[in-house]
Amino acid sequence: MEQIKQYIISSTRLRKMKDELRNKKGSDLYFKKTYIFGDADLLSSETKTPNKPVAPALPGTLTKLKLRGYADLEYKNAKILFEAYQNLTPEDASDERFWAYLTHTTFWDYMKKRTNLGSVSEEKKGDYILTHWFLDPLSPKTIARNDIARLWWSAYLTHDEKLKDPYMLTRQLFSMQDYSRTLIEGVQGRNRNVLHGVLSFVIDNPELFKQRKEAKVRFVMRKINQIGGYRLLSSVSKKEVKNTLKKLEKEITSVK
Amino acid sequence: MKIDNFSLPHPILRPDGNVKGNFSTHVKVNVKKNEVRIVADMILTNDVLKNFIEEKKVAFGLDISCKYTIYRESFTSFDKKMEILIPAAKLRDTTEVNCFLVAVKDIQNYKNEYREDIYDNRDFNLSKGEILGYSGRDTFEVPKEWEMPEVGGAFFVLDKHSGKEVKYELGSDPILIKIPKKDFQVMHDIKKNERMKAVFYTLYAYPAMLYVLSEIFGERKDMYEHRKWYKRLHEILSSSQFRQLSQNQEESPKIAQMIFQYPLTNSINDIEKVIIGLSEFSE
């Protein structure tokens, strides 16, 4: 495996970048061809590196109207990124310096096209950049909002080698934005059995979720949170989570 | 993890609960570079639940959760002493441990001994995973050897800016105190002078700490809990010197002065010495 040096942004430089953006300065740099770093700004990381350069598909045909295409694209990018960084540990994947390096260098062009910063008002540009290019402060919420970290983490949390298609649950996760907000950002979704149980249940019951899927998934998540308040769902299997949801079928059917 | 009191279908054994008896857990954590070892000793005084544990229908449970690595896993055992090993790479910074008694099988017609007689003629059917006892929540730190920022361990770092006012950036780690450019050199000279150290703290560190305390005693505390400076401040406020004080916005001036060892009084003393020195010189 060819080891390519992986860099991260230094804490000092990262802090200065964020301070400027909070003070509504520096957003013009995000329209340049490259983001300029000094020699002292980048450090060699201890993280294992990918064995080939990551080349995610650029959203060439991405428009707001093509919702279905958008979902597929994110899922495909997540798969590429996860496989390229398959040796990344959760501890390293929680390092803002690493993700900020990727958003400002490797995926610079992707980020500019993906985020359409030009359409954001001048007043809000700083906050917008902080949300999409950084992880500040570190939390499941900011991970879900960073446009590169989200891809890797979504694949990491849903990938299952035991499945015929190991990314089946990943594809389902990207099919709806609500999953990010309710599962990835929530306490219950931190547990693999719960996360996989919920996603599998939706996949296994296509007729149940054919209509009003968003409302029904939100309902399922509310019930999971409620049940999780008196039942240690992290102690039961994925199958048992699905069985729990199966008992709620009638209620789910009647969700408007 | 929070137990939802309104959703509990039956009473559970807990310090303020309706089930007679006691359930407590002592948790010891040993954090090493590659692994985190958690040892929990459980004490249970409730015969009904003890019998269920012997019958292997109920178990002791530890729920470990770390939001910074989106990690959550539960471990169960029928032994009142549990030892768990978790790879350190799965955790980072603040990690939470919750201790339970949990049904590991469905249980029919469950009843216990209650403090209030309203439950006396009731029994409950339990599903696997239902919580039967809760002894509390603890947190521990899994620190990583991240690259340290410029001023190791200090609350504040100083920088200059082109504005007229002094600004405080709490979203930074350490906290950034931004001083008007024209004052920056003077501030440095004051800071370097041992006789004026208290004056420096009064002018810059004390107001900054007042602002910090007003934020962490207010509604926006959650925004800073991840910060190293927050954790250091939390440790200080948990020490014996501060634990006795009411930790709220009204007490912020007192707390801030205690943290910096009464800089206002000390700076008056320092200034007095300078004035005396100047008077003697002019004589």
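The values are calculated or read from the model by the stated rules, or taken from the named source; none is laboratory data. The structure presented is a predicted model; accordingly, all values stated were derived computationally and were not measured. Here the Cβ is made from the backbone with ideal geometry for all residues, glycine too, and neighbour counts use every protein chain on show. Just the protein is used for accessible areas: all its heavy atoms, side chains included, with ligands, DNA and RNA removed. Shrake-Rupley method; radii C 1.70, N 1.55, O 1.52, S 1.80 Å.
Conditions tested, residue by residue: (1) outside any strand (DSSP E or B); (2) in contact with a Lys or Arg (Cβ under 6 Å, 6 or more places away or on another chain); (3) within 22 Å of B:Gly129 (Cα to Cα).
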{"residue": "B:His10", "(1), (2), (3)": "yes, no, yes"}
{"residue": "B:Ser24", "(1), (2), (3)": "no, no, yes"}
{"residue": "B:Asn30", "(1), (2), (3)": "no, yes, no"}
{"residue": "B:Ala40", "(1), (2), (3)": "no, no, yes"}
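Within segment B:50-59, is even one residue within 14 Å of chain A (Cβ to nearest Cβ) and touching a Pro at 6+ places or on another chain (Cβ under 8 Å)?
Checked segment B:50-59: no residue is within 14 Å of chain A (Cβ to nearest Cβ) and touching a Pro at 6+ places or on another chain (Cβ under 8 Å).
What are the pairs with Cβ atoms under 6 angstrom where one residue, in segment B:215-235, is closer than 18 Å to B:Leu176 by Cα and the other, located anywhere, is assigned to a helix (DSSP H, G or I)? Sequence gap at least six, or different chains.
B:Tyr224/B:Tyr230
For B:Lys33, indicate whether it is under 18 Å from B:Lys90 (Cβ atoms), buried (at least 17 other Cβ atoms within 10 Å of the Cβ) and out of contact with any strand residue (DSSP E or B) (no Cβ under 6 Å at 6 or more places or on another chain).
No; evaluated as a whole, the condition is false for this residue.
Identify all residues within segment B:59-73 that are over 15 Å from B:Val27 (Cα atoms) and of a type outside the set (D, E, K, R); write none if there are none.
Of everything in segment B:59-73, those that are over 15 Å from B:Val27 (Cα atoms) and of a type outside the set (D, E, K, R) turn out to be B:Ala59, B:Cys66, B:Tyr68, B:Thr69, B:Ile70, B:Tyr71.
Answer yes or no as to whether A:Glu96 is among the acidic types (Asp, Glu) and more than 11 Å from chain B (Cβ to nearest Cβ).
no
Quick one: how many residues across segment B:8-60 are within 30 Å of A:Pro90 (Cβ to Cβ) and in contact with a helix residue (DSSP H, G or I) (Cβ under 6 Å, 6 or more places away or on another chain)?
Selection size over segment B:8-60: 3.
Determine whether segment A:114-134 contains at least one residue that is open to solvent by less than 30 Å² (accessible area, probe 1.4 Å), farther than 23 Å from B:Ala88 by Cα and within 11 Å of another protein chain (Cβ to nearest Cβ).
Yes: segment A:114-134 contains one or more residues that are open to solvent by less than 30 Å² (accessible area, probe 1.4 Å), farther than 23 Å from B:Ala88 by Cα and within 11 Å of another protein chain (Cβ to nearest Cβ).
Within segment B:73-120, which residues are without any contact (Cβ under 8 Å) to a residue 40 or more places away in the chain and open to solvent by 60 Å² or more (accessible area, probe 1.4 Å)?
B:Glu73, B:Thr76, B:Phe78, B:Asp79, B:Lys80, B:Lys90, B:Asp106, B:Gln108, B:Asn109, B:Asp117, B:Ile118, B:Asp120 - these are the residues of segment B:73-120 that are without any contact (Cβ under 8 Å) to a residue 40 or more places away in the chain and open to solvent by 60 Å² or more (accessible area, probe 1.4 Å).
Looking at this structure, is B:Lys164 assigned to a loop (DSSP other than H, G, I, E, B), surrounded by fewer than 13 Cβ atoms within 10 Å (Cβ to Cβ) and modelled with pLDDT of 85 or more?
Considered against the rule, which asks whether it is assigned to a loop (DSSP other than H, G, I, E, B), surrounded by fewer than 13 Cβ atoms within 10 Å (Cβ to Cβ) and modelled with pLDDT of 85 or more, B:Lys164 comes out as yes.
Find the residue count for segment B:214-264, including only residues that are within 14 Å of chain A (Cβ to nearest Cβ) and of a type in the set (Asp, Glu).
Result for segment B:214-264: 3.
Looking only at residues that are assigned to a helix (DSSP H, G or I) and of a type in the set (S, T, N, Q) in segment B:224-267, which one is nearest to the chain's Cα centre (by Cα)?
Per the criteria, the residue is B:Ser240.
How many residues does segment B:76-115 contain that are in a strand (DSSP E or B) and either on the phi > 0 side of the Ramachandran plot or not aromatic (Phe, Trp, Tyr) (or both)?
So the answer is 22.
Determine if segment A:136-145 includes at least one residue that is open to solvent by less than 10 Å² (accessible area, probe 1.4 Å) and more than 14 Å from the chain's Cα centre (by Cα).
No: zero hits.
Yes or no, residue by residue, for (1) of a type in the set (S, T, N, Q); (2) modelled with pLDDT of 80 or more:
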| site | (1), (2) |
| --- | --- |
| B:Ile177 | no, yes |
| B:Lys182 | no, yes |
| B:Asn193 | yes, no |
| B:Ser239 | yes, no |
| B:Gln249 | yes, yes |
| B:Asn266 | yes, yes |
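Do any helices (runs of 4 or more DSSP H) lying entirely in segment A:140-256 carry at least 2 residues that are closer than 30 Å to A:Trp99 by Cα and either within 9 Å of another protein chain (Cβ to nearest Cβ) or in contact (Cβ under 8 Å) with a residue 60 or more places away in the chain (or both), and which ones are they?
Those helices (runs of 4 or more DSSP H) span A:140-145, A:149-158, A:168-173, A:192-204.
In the set B:Gln261, B:Gln257, B:Gln241, which member is in the same structural domain as B:Asp173 (by TED's automatic domain parsing) and touching a Leu at 6+ places or on another chain (Cβ under 7 Å)?
Being in the same structural domain as B:Asp173 (by TED's automatic domain parsing) and touching a Leu at 6+ places or on another chain (Cβ under 7 Å) holds for just one of B:Gln261, B:Gln257, B:Gln241, which is B:Gln257.
Search segment B:15-28 for residues that are under 21 Å from B:Ile118 (Cβ atoms) and pair each with any residue that is open to solvent by 40 Å² or more (accessible area, probe 1.4 Å) and of a type in the set (Asp, Glu) when their beta-carbon atoms are under 6 Å apart and the residues are at least 6 apart or on different chains.
B:Asn18/B:Glu116; B:Lys20/B:Glu113
Is it true that some residue in segment A:194-202 is touching a helix residue (DSSP H, G or I) at 6+ places or on another chain (Cβ under 9 Å), at pLDDT 95 or above and of a type in the set (Phe, Trp, Tyr)?
Yes, some residue in segment A:194-202 is touching a helix residue (DSSP H, G or I) at 6+ places or on another chain (Cβ under 9 Å), at pLDDT 95 or above and of a type in the set (Phe, Trp, Tyr).
A quick yes/no check of all residues on (1) open to solvent by 80 Å² or more (accessible area, probe 1.4 Å); (2) of a type outside the set (S, T, N, Q); (3) out of contact with any Phe, Trp or Tyr (no Cβ under 6 Å at 6 or more places or on another chain):
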position: A:Glu207; (1), (2), (3): yes, yes, yes
position: A:Lys210; (1), (2), (3): yes, yes, yes
position: A:Lys213; (1), (2), (3): no, yes, yes
position: A:Arg218; (1), (2), (3): yes, yes, yes
position: A:Met221; (1), (2), (3): no, yes, yes
position: A:Leu248; (1), (2), (3): no, yes, yes
position: A:Thr253; (1), (2), (3): no, no, yes
position: A:Lys256; (1), (2), (3): yes, yes, yes
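When you go through (1) within 14 Å of chain A (Cβ to nearest Cβ); (2) in contact with a helix residue (DSSP H, G or I) (Cβ under 9 Å, 6 or more places away or on another chain); (3) part of a helix (DSSP H, G or I) one by one for B:Ser172, which number turns out not to apply?
(3)
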